[in-house]
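K.L.:
Sharing a structure below in structure tokens format, with a few things to ask.
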Amino acid sequence: MAIMSFLETSDIFMMETVTHRKFRPQNFSKETVVATKVSGFKNPNFGLLTSQMGSFTFYDEKFTFGNREYINPISKNSINKYLFVLEDTTYSNSDSTFIISFRPRQGKKFDGLKGLLYINTNGYALENVIAEPTEYLDGVNVSIQQSYEMVNNKRWFPSEIKTDFTMILDTLEAEVNFVGTLRGFFLNIKLDPEIPKKEFSHIAVEIDPMATKKPSEYWEEHRVTPLTERELMTYQKVDSISKEFNIERNFFILNSFLSGVVPYRFIDFDLDRVFRYNRYEGFGLGLGIHTNRKFSEHFKTGGYFNYGFGDETWKYGGDLSYFPIKRKELEFKVSYMKDVVETGGTEWYIKTRSGFSSARMRPFFVSLKDEREMYQFSTQFRSFNHLQTMVFANYDQRTTMNNSIYYDENGNVKRNNTTAEIGVNFRYAFGESYMPINGKLYSLGTTAPIIHFKYTRGIKDVDLGGVGQKSEFDYNKIDLKIIHQFKWRALGTTSGSINFGYTDGNLPKTFMFNAPATYYSSLPIQTDQSFQTMRANEYFADVFTHVFFKHSFPKINTNLKWFKPQMAVYHNMGYGEATSTNLDNNPDIQDYWDGYYESGAGVDNLYTTNGIGYGIAVMYRYGPRALPYYLDNWSIKLSLGINLNFGGTINLE
């Protein structure tokens, strides 16, 4: 009864924002949240998240809202999927407006819309559009109305948008629906302004530091329509309830999850350091802390520790960073760690936080690691908005574990190996944009390929003056990874990666390349960008090329809300060769010079609930590296899909 009484006079949520948006062809965009006011919340980041919820205009190839994506009825070749009917014609002065209804053609199964298009004969452009999903599913469903007006007798431009959204959540007890309305008004439109390119950056949306501190006079001046009595009561009631029950804590948790840190005053607690799991270490618990910008705009320091219950070993490390220019991505860093590292694994030093990808589960399957003690100095910076560069120098002492054998040039068994390295790591993602959360940058993705490149030069006989033994190896090492996802208009999504590695040195296997294998009967989870049927540590190489391919067909809409199957096909193949010297010096390894091949198929989203989809994937290993026993070449795995991306963005890392 208390809830019903509350809803009689107010809503459960109310938010207002004022934003300034700049756009310049081709695809340069910048949005600044100038003012924001949210019932029950003081954290300004809420305005950042909601700004990425949906499409700005109905002219996009696909219309997105949250994690839902619909084929646009006015996109190319849409007449093959939609049925259009001329319902009426209206007249205004010398112009006419055609009112056209649309809906998916009979027998067509896709995420479609139904509604009305208002086409003005002046330019044959959209004057108004009303649309809603043909089927309401779990998650966020929307119905929209967009109005356009002619600006300066030159171009039609959005003038108002109204989005009514319904969020459907399935619980164990009942289905819960939340209904809301989002209205936007576009004012002070300037067409073709002279905006220098330097005003745009990789940060797509940011918030003014004073956005939450605007006085009531500011809001009265900028509101297109005054607040109703119900809306005023919403602010009053929800603010008091939020304060009493600390509702803002839930948004604080979401912010922390996306940014990877929990801020407390001038300290950030690193969530990535709390929990660790892999087959070698087992479960690990730890803690990582760093200072943040409240401590200093120019310096950051911190460290971590972790204890693995499987290997029964403590790990720890620390670092100090210097940022010479405030709020710029130029960083000088020194670090130390005493930890473990995957034997033959590739370390990409430039990391980006983004949406969920199953490829991130690959570390769970690592079963062979070496102890390491490493000192590193690095400089990292960004150039041309989309190119990240890190120059590094390190001194790395490794101790081989699990009775692995390496013979040096004199035929002696060695378990301690030391390298000194200098190198450079690049990451290039054209068109990638970011959203700042808790002082960190969260990637909103890109539709272009993401390219990683790393060159490492190993230098022999480097001595750090008593820290350890001299470095023992001379070598050059190249790592390359290109990952991409392409969305076909009606055929689904093709994704995958191409990986290449090369080294010319005579090295222990800890510095070679370990083929990425994720077959493990106790953890049968499908993992992208890895070999699903390959056993852990089965193959090592000096030079390799891997290709990972997946195509997901459009999902099949059924009458069951939890059953939206999506067929997928896979093909992975690789080649890896080691020199005879490295094969002799590492007698417990083998390469795959004659090729490794596996293919398969799967069905994703056999069961979906609250944004999580469960499916199955079946892979088969064949060719020269097929196993003797037929059944050992098969793998059957659970596939998982979790949508944490905003606005239908793409990121496979």
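K.L.:
Which condition number does THR456 fail, the rest of (1) closer than 20 Å to GLU347 by Cβ; (2) among the β-branched types (Val, Ile, Thr); (3) within 15 Å of the chain's Cα centre (by Cα) being met?
P.N.:
(3)
K.L.:
Of the numbered conditions (1) surrounded by 11 or more Cβ atoms within 10 Å (Cβ to Cβ); (2) part of a loop (DSSP other than H, G, I, E, B), PRO226 satisfies every one except a single condition; which is it?
P.N.:
It fails just one condition, (1).
K.L.:
Restricting attention to the range 503-517, does a residue exist that is loosely packed, with under 15 Cβ neighbours inside 10 Å and either under 30 Å from THR581 (Cα atoms) or among the charged types (D, E, K, R) (or both)?
P.N.:
Yes, the range 503-517 has at least one match.
K.L.:
Quickly run through the range 354-377 and pick out the residues that are of a type in the set (A, V, I, L, M) and under 17 Å from PHE283 (Cα atoms).
P.N.:
Scanning the range 354-377 gives MET361, VAL366, LEU368.
K.L.:
Right, another one. Quick one: which residue in ARG382, ARG372, ARG415 is surrounded by fewer than 20 Cβ atoms within 10 Å (Cβ to Cβ), among the basic types (Lys, Arg) and within 22 Å of the chain's Cα centre (by Cα)?
P.N.:
Sole residue among the options that is surrounded by fewer than 20 Cβ atoms within 10 Å (Cβ to Cβ), among the basic types (Lys, Arg) and within 22 Å of the chain's Cα centre (by Cα): ARG382.
K.L.:
Another question, if that's okay. Could you name every one of the strands (runs of 3 or more DSSP E) located completely within the range 409-458 that has at least 2 residues being at pLDDT 85 or above, touching a strand residue (DSSP E or B) at 6+ places or on another chain (Cβ under 7 Å) and of a type outside the set (A, V, I, L, M, F, W, C)?
P.N.:
Fully inside the range 409-458 and qualifying: 416-429, 433-437, 450-458.
K.L.:
What pairs come out if I take residues in the range 403-421 that are outside the structural domain of VAL341 (by TED's automatic domain parsing) and pair them with residues that are part of a strand (DSSP E or B) and surrounded by fewer than 15 Cβ atoms within 10 Å (Cβ to Cβ) whose C-beta lies under 8 Å away, six or more apart or interchain?
P.N.:
Sorted first by the residue in the range 403-421, then by its partner, the list stays empty.
K.L.:
Something else now. Select, from ASP319, ASP311, the only residue that is touching a strand residue (DSSP E or B) at 6+ places or on another chain (Cβ under 8 Å) and over 22 Å from MET401 (Cα atoms).
P.N.:
Matching residue, one of ASP319, ASP311: ASP319.
K.L.:
Evaluate the following for THR400: is it β-branched (Val, Ile, Thr) and without any contact (Cβ under 8 Å) to a residue 40 or more places away in the chain?
P.N.:
Answer is no for this residue.
Per-residue answers, yes or no, for (1) assigned to a loop (DSSP other than H, G, I, E, B); (2) modelled with pLDDT of 85 or more; (3) surrounded by fewer than 17 Cβ atoms within 10 Å (Cβ to Cβ):
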| residue | (1), (2), (3) |
| --- | --- |
| TYR136 | yes, no, yes |
| ASN141 | no, no, no |
| THR163 | no, no, no |
| VAL176 | no, no, yes |
| VAL179 | no, no, yes |
| LEU187 | yes, yes, yes |
| LEU191 | yes, no, yes |
| LYS198 | no, no, yes |
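K.L.:
Report every pair of residues separated by at least 6 positions or lying on different chains whose Cβ atoms are under 6 Å apart, first residue within the range 615-626 and in the same structural domain as SER599 (by TED's automatic domain parsing), second among the aromatic types (Phe, Trp, Tyr).
P.N.:
Final answer for the pair search is TYR620/TRP634; TYR622/TYR597; GLY623/TYR597; ARG625/TYR592; ARG625/TYR596.
K.L.:
Still on this model: Residues of the range 561-581 being under 19 Å from ALA617 (Cβ atoms) and aliphatic (A, V, I, L, M), which ones?
P.N.:
Across the range 561-581, the qualifying residues are MET567, ALA568, VAL569, MET573.
K.L.:
Run VAL334 past the list (1) of a type in the set (A, V, I, L, M); (2) farther than 15 Å from THR301 by Cα; (3) part of a strand (DSSP E or B) and report the number of the one that doesn't hold.
P.N.:
For VAL334, the failing item is (2).
K.L.:
Let me ask another. Scan (1) under 17 Å from the mean Cα position of the chain (by Cα); (2) surrounded by 15 or more Cβ atoms within 10 Å (Cβ to Cβ) for the single condition LYS351 breaks and write down its number.
P.N.:
Unmet for LYS351, out of (1) under 17 Å from the mean Cα position of the chain (by Cα); (2) surrounded by 15 or more Cβ atoms within 10 Å (Cβ to Cβ): (2).
K.L.:
Also, I was wondering about something else. Being in contact with a strand residue (DSSP E or B) (Cβ under 9 Å, 6 or more places away or on another chain), over 30 Å from GLY107 (Cβ atoms) and assigned by TED's automatic domain parsing to the domain that holds TYR475 is the requirement here; does TRP593 meet it?
P.N.:
In short, yes.
K.L.:
What are the residues in the range 305-328 that are in contact with a His (Cβ under 9 Å, 6 or more places away or on another chain) and surrounded by 13 or more Cβ atoms within 10 Å (Cβ to Cβ), if any?
P.N.:
If the condition is that a residue be in contact with a His (Cβ under 9 Å, 6 or more places away or on another chain) and surrounded by 13 or more Cβ atoms within 10 Å (Cβ to Cβ), then ASP319, SER321, TYR322, PHE323 are the ones that fit.
K.L.:
Across the range 13-27, which residue is modelled with the highest pLDDT among those that are in a loop (DSSP other than H, G, I, E, B) and within 27 Å of VAL262 (Cα to Cα)?
P.N.:
MET14
K.L.:
Further question on the same structure: Taking PHE392 as the residue in question, decide whether it is outside any loop (DSSP other than H, G, I, E, B), out of contact with any Gly (no Cβ under 8 Å at 6 or more places or on another chain) and in contact (Cβ under 8 Å) with a residue 24 or more places away in the chain.
P.N.:
The answer is no for PHE392.
K.L.:
Follow-up. Of the residues LYS30, LYS37, LYS62, only one is at pLDDT 70 or above and within 19 Å of LYS214 (Cα to Cα); which?
P.N.:
Criteria check complete, one pass: LYS37.
K.L.:
Specify the residue that is surrounded by the fewest Cβ atoms within 10 Å (Cβ to Cβ); the eligible residues are those in the range 395-408 that are at negative phi and not in a strand (DSSP E or B).
P.N.:
Here the answer is ASP408.
K.L.:
Name the single residue, out of those in the range 538-565 being over 27 Å from GLY641 (Cα atoms) and not small (Gly, Ala, Ser), that is nearest to the chain's Cα centre (by Cα).
P.N.:
So, considering only residues that are over 27 Å from GLY641 (Cα atoms) and not small (Gly, Ala, Ser), the one nearest to the chain's Cα centre (by Cα) is THR545.
K.L.:
Output yes when any residue across the range 632-640 is in contact with a helix residue (DSSP H, G or I) (Cβ under 9 Å, 6 or more places away or on another chain), outside any loop (DSSP other than H, G, I, E, B) and within 20 Å of TYR520 (Cα to Cα), and no when none is.
P.N.:
Scanning the range 632-640 turns up at least one residue that is in contact with a helix residue (DSSP H, G or I) (Cβ under 9 Å, 6 or more places away or on another chain), outside any loop (DSSP other than H, G, I, E, B) and within 20 Å of TYR520 (Cα to Cα).
The values are calculated or read from the model by the stated rules, or taken from the named source; none is laboratory data. Keep in mind that what you see is a predicted model, and the values were worked out from it rather than measured. Note: ideal-geometry Cβ built from the backbone for every residue, glycine included; neighbour counts use all protein chains shown.
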